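Here's the structure, in structure tokens; my notes come after.
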Amino acid sequence: MGEILTKEFLKQLNMSREELAESMGICKQDIEDIICGRRRLMTDEGRILAEMFGTAEGFWINLQALQDRKEQRSK
């Protein structure tokens, strides 16, 4: 999830993680944790990202589900 968010969205828009956090109304540490896979993306945060980046809400929910499965397999 973090790699896609960073490479496909933040870099493309020249947006910093701090700017993303501010736009979403969450702290920078939460964004860092989401990008690094230390924290799950919540459904409401997925909605915000969808609105911000013009994607389907399901895009972000599915990315989180893939991340969850990947983590389950590595345990």
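Placing pseudo-labels 7 Å out from each Cα toward the beta carbon at residue 52 and residue 19 gives an inter-label distance of 1.1 nm. Ordering 20, 43, 64 by Cα displacement along the dipole of the range 11-72 toward the positive end leaves 64 in first place; charges were set at the Cβ atoms of Lys, Arg (+1) and Asp, Glu (-1). Summing charges over all other residues whose Cβ lies under 14 Å from the Cβ of residue 22, with Lys and Arg as +1 and Asp and Glu as -1, gives -3. This structure gives Cα extents along the principal axes in Å, computed directly, and of (1) 36, 28, 22; (2) 39, 30, 19; (3) 34, 24, 21 that value is listed as (3). What do you get for the angle between helix 57-74 and the principal long axis of the chain? Use alpha-carbon atoms, 0 to 90 degrees, nearest ten. Once rounded, one gets 40 degrees.
The numbers here are math on the coordinates, done by the rules we state, and not lab data. Note that the structure is a prediction, hence the values are computed from the model and not measured. All Cβ positions, glycine included, derive from the backbone under ideal geometry; neighbour counts span all protein chains shown.
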